[in-house]
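Step one of this worksheet: look at the structure below.
The values are calculated or read from the model by the stated rules, or taken from the named source; none is laboratory data. If you're wondering where the values come from, they're calculated on a predicted model, not measured in any experiment. Quick reminder, even Gly has a Cβ in these numbers, built from the backbone with ideal geometry, and neighbours come from all protein chains shown. Heavy atoms of the whole protein, side chains included, go into the accessibility calculation; ligands, DNA and RNA do not. Shrake-Rupley method; radii C 1.70, N 1.55, O 1.52, S 1.80 Å.
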Amino acid sequence: YLKAQKVRQLIKSDFDKSFTEVDAILTPSTPSAAFKIGDKTDDPVSMYLNDIFTVPVNLSGLPAISVPAGYDKNNLPLGLQLIGKTFDEQTILNLSLAIEKRANFIKKLKLG
């Protein structure tokens, strides 16, 4: 447990150093587009690895949000993750709204 807490603090310290120069960090939410519903259910490792970009933020306890940003060539959704400073959720919410408006993301439903 103590070792895990030390690793967590190292991750948070790295983020805090970055925030001395920037107000927020923008990254992809996942390394690839979303997969279709039902895909990869027999491959839990692949499913876990698709969340790999969110793990450091979760460990650090920083505010973050994933916003829709468009579609890939197969019409599958892509997301961007905004990461903010401790207790600066409002900046993240403001930036995410701006990104959503400018990305002009429209939910595409496939029925049937």
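Give the dimensionless ratio obtained when the Cα radius of gyration of the range 3-48 is divided by 2.2 N^0.38 Å.
On the way: Rg = 16.1 Å, N = 46, 2.2 N^0.38 = 9.4 Å.
Here the Cα radius of gyration is 1.71 times the empirical estimate.
Can you put Ile99, Ile83 in order of accessible area, largest first, using a 1.4 Å probe?
Values: Ile99 40, Ile83 5 Å².
My answer, sorted largest first, is Ile99, Ile83.
Can you find, among Ala103, Thr41, Pro56, the residue sitting farthest towards the positive end of the charge dipole of the chain, where Lys and Arg contribute +1 and Asp and Glu -1 at Cβ?
The one lying farthest along the dipole's positive direction is Thr41.
Could you do me a favour and compute the accessible area per residue for the chain, 1.4 Å probe, result in Å²?
Details: 8200 Å² over 112 residues.
I get 73 Å² per residue for the chain.
Could you work out what % of the accessible surface of the chain is carbon and sulfur, using a 1.4 angstrom probe and leaving DNA, RNA and ligands out of the count? Let's see the in-between values first.
Details: 4840 of 8200 Å².
With neighbouring chains kept in place, the figure for the chain is 59 percent.
Mind listing the Cα extents of the chain along all three principal axes, in Å, largest one first?
50, 36, 18
Along the Cα→Cβ direction, 7 angstrom out, place labels at Thr27 and Asp51. What is the inter-label distance in nm?
According to this spin-label approximation, the distance is 1.5 nm.
Would you please put 55-63, 22-30, 6-14, 38-46 in order of how densely packed they are, using the mean number of other Cβ atoms within 10 angstrom per residue and starting with the highest? Walk me through the intermediate numbers first.
Numbers: 55-63: 16.9, 22-30: 15.3, 6-14: 12.9, 38-46: 9.9.
Most protected by this proxy first, the peptides run 55-63, 22-30, 6-14, 38-46.
Compute the helix-to-body angle for 89-103: its Cα long axis versus the longest principal axis of the chain, expressed 0 to 90° and rounded to tens.
30 degrees
Report the calculated FRET efficiency for Ser18 and Glu89 (r = Cβ-Cβ distance, R0 = 22 Å), to the nearest 0.05.
Values: r = 17 Å, r/R0 = 0.79.
After rounding, the FRET efficiency stands at 0.80.
How far, in degrees from 0 to 90, does helix 2-18 lean away from the longest principal axis of the Cα atoms of the chain, to the nearest 10?
Rounded to the nearest ten degrees, it is 80.
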